[in-house]
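J.: What follows is a single structure, and I will ask about it in a moment.
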2 protein chains.
Amino acid sequence: MAKSGASKKTSGTRAATKSPVPTRSPLAPARFPSMGPVAGVRLAGRAVGLKKHKGVKDLMVAEMAPGTTVAGVLTRSKCPSAPVDWCRAILPRGKARVLVVNSGNANAFTGNAGDLQVAQTAGEAAHLFGCRARDVFIASTGVIGEPRAPDYIASKIGGMKKSLAVKSWKNAAEAIMTTDTFPKGATRKVKIGKAEVTLSGFAKGSGMIAPDMATMLGFVFTDAKIPAPVLQRLVRTAADESFNAITVDSDTSTSDTVLLFATGQAKGQPRITSSADKVLANFKAALKDIFVDLAQQIVRDGEGAQKFVTINVRGAESKKAARIVGLAIANSPLVKTAIAGEDPNWGRVVMAVGKAGEKADRDKLSIGFGETQITRNGQLVHGYDEAPVAAYMKGDEITVDVDLGIGRGRGTVWTCDLTHGYITINADYRS
Amino acid sequence: MAKSGASKKTSGTRAATKSPVPTRSPLAPARFPSMGPVAGVRLAGRAVGLKKHKGVKDLMVAEMAPGTTVAGVLTRSKCPSAPVDWCRAILPRGKARVLVVNSGNANAFTGNAGDLQVAQTAGEAAHLFGCRARDVFIASTGVIGEPRAPDYIASKIGGMKKSLAVKSWKNAAEAIMTTDTFPKGATRKVKIGKAEVTLSGFAKGSGMIAPDMATMLGFVFTDAKIPAPVLQRLVRTAADESFNAITVDSDTSTSDTVLLFATGQAKGQPRITSSADKVLANFKAALKDIFVDLAQQIVRDGEGAQKFVTINVRGAESKKAARIVGLAIANSPLVKTAIAGEDPNWGRVVMAVGKAGEKADRDKLSIGFGETQITRNGQLVHGYDEAPVAAYMKGDEITVDVDLGIGRGRGTVWTCDLTHGYITINADYRS
């Protein structure tokens, strides 16, 4: 680890002072995964003029077969976008036929004009695909507070319909990008009973949320046949340990949306009536896995990120307490800048644990970076040698282990470092 | 405002990309105030070798006359430093004779060795000044987790005693600095009845907290005669609207300490028995004023700060809600980087209001920057022209006004922008 990191940097330079805005995140996966069809799903991604730069894809449409169920989680922001309001209203029905997602404009803080745009988009899609407006899910990401003509997106759906195809996953993933430096996709195959089902999805996000870019979106499609109430339980559980366990900058979007669509087209699948059904075990694992994969890709594309950071907390009073402590560490600008500076500054971890507000005991706190235990029971490990840890910090995958030593709660949070790149991107984004 | 800002920067450059670490904050006051004696207080600030650089002041001792009362507020961190534990234990007695503050070492996360050091320091000071150990208040700021010899500070107090003087305020303020770029002092004279009393104090802090530097310390001395329980009420109220209303980076120190000492040496002052006594009105105002002055100086010395930011929130459900919304805006990395980039990015303010979790209604939200109203009732003001606001953003004092439009709660929070300088300072501090 230390070597692979060191090899990328000339000695004496630091991640924090490297060229700040790479065209592709250094933490990106090598390539977009090869994604096959999900029975009952066709997609298209195209450029329709919502983004400033001509020819850059900015509209995604997905058509799902009749009978598709849907579940999802939406931002807890008290100032949500018009599309989020719309999805929240129609989600309890659990039925979906069309998904329309645009980038380039968030349709947030656009008042009545924003609601009108959503209504026109849903209405036009319903007309074109022969379904009801409330079967049409909508998400938008981009600049806040700049209303577009209410029929702008609606007028583009007809043209998109012609190019729908079962393999257009990469196009779709690209069409929802904002400041993302790479498209994010993931796919899994898994059995429910004897039936093989596919899960494929894509996501966007680069600040945990950056309101101008209206943050994190994730869409996963499966051909499994799962009733909406069961699907909703599965989504909540999986999202809690994936999308809800990442942070880039602690900011929460007006537009965060994660949706899971199940077309029910897989052949020979046993009937599912409960989320506790043991036949779902593999599916649940695969769903969590694909959510974690997409969530981690978002962190790997964190604005300005040079290092991918895993924070494991154990010994907390409860699972919830472990998450809160983990997020306090992950969101601390001082911890994040220390990691950017390749400084094994465990004192800042102590600080972050202290400020989290959860039960902690200074004299029971143990901290490790990578393979090295640094403190145990509130004091430096006898004979602690910083040299190997300093070498470890030069790598681009950093793990911080914290044991609060007071209970059995544990949890993991993923984040990235805070670099000059983040400042450059966000001090200059809109203008 | 726009002009004075613009004149400092060549057009096209941005605060965020300016030389990142100034030797003195561009927001610093012109000079340390002229501070006269406070009857019953003598101080000294000297270099005793705790800091790396030889000859840099790092120990401060203040002696207060017998009869001095004390009140204070301490960090809420669950991993407080040994001196904070000590102050918390002795503060309820309300009596003080000596204050010993060192920089260069936080004495935090130092286990039993840290407690031992505190005990030796208090014991030695008690011996030298003829008081009890529990009359000795102690604060430490600097690197975390590096225990010093337990008698190191104790062994220096005797030498300091000889140089105590009634006018050594600037020396004292300098001796408690860490990454501060200027010493922070403030003084006021005010009447209680017919007696003129003085309030003089100093503070340090440059990250709202930076654990390595162990954050924010503030000490104010007065010759008023005020019983400790009354003093404690006054401190809580004043701290809430000053030190608790500032943030640089949302991080909370292991060591935050604010103490107010009242020597009771002023002549002819009426007896005070209640914090509600009307004769205290001017004193209360002056106390809040001096706390706000010191707190704002800390923000003006915020790590990497190029702009001083005032966030006024009104129309909130309650005073507490207004504070929470104000802090959510002030702590948002996206709002702070937008201000660094001189971008009137009100969309990020919407995001921050939304994530605060307090009651808000998108369609009632009004936002203004400086003199310009940008949104009213959830939509852009008709004919909004960004040009004058963009010019305003080039100044180094930025005011953001938010009206939630749902209640009567209001509050003000002060912060600074988030610049490349913050990253540079914090990615490189310890090593």
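The values are calculated or read from the model by the stated rules, or taken from the named source; none is laboratory data. All values derive from a computational prediction rather than experimental measurement. Heads up, the Cβs are rebuilt from the backbone with ideal geometry, glycines too, and the neighbour counts pull from every protein chain shown.
Per-residue answers, yes or no, for (1) at pLDDT 90 or above; (2) in contact with a strand residue (DSSP E or B) (Cβ under 7 Å, 6 or more places away or on another chain):
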position: A:Ser11; (1), (2): no, no
position: A:Ala28; (1), (2): yes, no
position: A:Ala39; (1), (2): yes, no
position: A:Met60; (1), (2): yes, yes
position: A:Cys87; (1), (2): yes, yes
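J.: Only one of (1) away from chain B (no Cβ under 14 Å); (2) over 22 Å from A:Val38 (Cβ atoms) fails for A:Ile144. Which number is that?
T.: (1)
J.: Still on this structure, I have one more. How many residues, within segment B:306-318, are more than 14 Å from chain A (Cβ to nearest Cβ) and over 20 Å from B:Thr412 (Cβ atoms)?
T.: Summing the residues that are more than 14 Å from chain A (Cβ to nearest Cβ) and over 20 Å from B:Thr412 (Cβ atoms) in segment B:306-318 gives 0.
J.: Related question: Restricting the search to segment A:343-359, which residues are in contact with an Asp or Glu (Cβ under 9 Å, 6 or more places away or on another chain) and touching a residue at least 24 places away in the same chain (Cβ under 8 Å)?
T.: A:Asp343, A:Pro344, A:Ala352, A:Lys355, A:Glu358, A:Lys359
J.: Something else: Testing A:Ala321 on (1) in a helix (DSSP H, G or I); (2) within 28 Å of B:Ile425 (Cα to Cα); (3) within 14 Å of another protein chain (Cβ to nearest Cβ); (4) of a type outside the set (Asp, Glu), one condition comes back false. Which one is that?
T.: (2)
J.: Out of the residues in segment A:160-187 that are assigned to a helix (DSSP H, G or I) and under 22 Å from the mean Cα position of the chain (by Cα), state the one that is surrounded by the most Cβ atoms within 10 Å (Cβ to Cβ).
T.: A:Ala175
J.: Out of segment A:393-423, which residues are surrounded by 21 or more Cβ atoms within 10 Å (Cβ to Cβ) and hydroxyl-bearing (Ser, Thr, Tyr)?
T.: A:Thr415, A:Thr419, A:Tyr422, listed by residue number.
J.: What number goes with the only condition from (1) touching a residue at least 60 places away in the same chain (Cβ under 8 Å); (2) over 21 Å from B:Gly357 (Cα atoms) that A:Gly72 does not pass?
T.: (2)
J.: Could you figure out which of (1) under 28 Å from A:His420 (Cα atoms); (2) in contact with a Gly (Cβ under 7 Å, 6 or more places away or on another chain) isn't true of B:Gly341?
T.: (2)
J.: Quick test for you: out of A:Leu99, A:Leu50, A:Leu43, A:Leu128, pick the one residue that is buried (at least 18 other Cβ atoms within 10 Å of the Cβ), away from chain B (no Cβ under 14 Å) and either outside any strand (DSSP E or B) or of a type in the set (Ser, Thr, Tyr) (or both).
T.: Sole residue among the options that is buried (at least 18 other Cβ atoms within 10 Å of the Cβ), away from chain B (no Cβ under 14 Å) and either outside any strand (DSSP E or B) or of a type in the set (Ser, Thr, Tyr) (or both): A:Leu50.
J.: May I pose another question? Give segment A:63-96 a look and list any residue that's in contact with a Lys or Arg (Cβ under 7 Å, 6 or more places away or on another chain), among the aliphatic types (A, V, I, L, M) and away from chain B (no Cβ under 14 Å), or say none.
T.: If the condition is that a residue be in contact with a Lys or Arg (Cβ under 7 Å, 6 or more places away or on another chain), among the aliphatic types (A, V, I, L, M) and away from chain B (no Cβ under 14 Å), then A:Met64, A:Val70, A:Val73, A:Ile90 are the ones that fit.
J.: Also, quick follow-up: Quick test for you: out of A:Arg362, A:Arg323, A:Arg314, pick the one residue that is assigned by TED's automatic domain parsing to the domain that holds A:Asp417 and in contact with a Phe, Trp or Tyr (Cβ under 8 Å, 6 or more places away or on another chain).
T.: A:Arg362
J.: Would you mind stating whether B:Gly142 is under 25 Å from B:Phe283 (Cβ atoms) and either charged (D, E, K, R) or assigned to a strand (DSSP E or B) (or both)? Step through it out loud before you land on a result.
T.: Details: under 25 Å from B:Phe283 (Cβ atoms): no; either charged (D, E, K, R) or assigned to a strand (DSSP E or B) (or both): yes.
No: the conditions fail for B:Gly142.
J.: Among the residues in segment A:107-117, are any modelled with pLDDT under 90, of a type in the set (A, V, I, L, M) and either surrounded by fewer than 23 Cβ atoms within 10 Å (Cβ to Cβ) or not in a loop (DSSP other than H, G, I, E, B) (or both)?
T.: Within segment A:107-117, one or more residues are modelled with pLDDT under 90, of a type in the set (A, V, I, L, M) and either surrounded by fewer than 23 Cβ atoms within 10 Å (Cβ to Cβ) or not in a loop (DSSP other than H, G, I, E, B) (or both).
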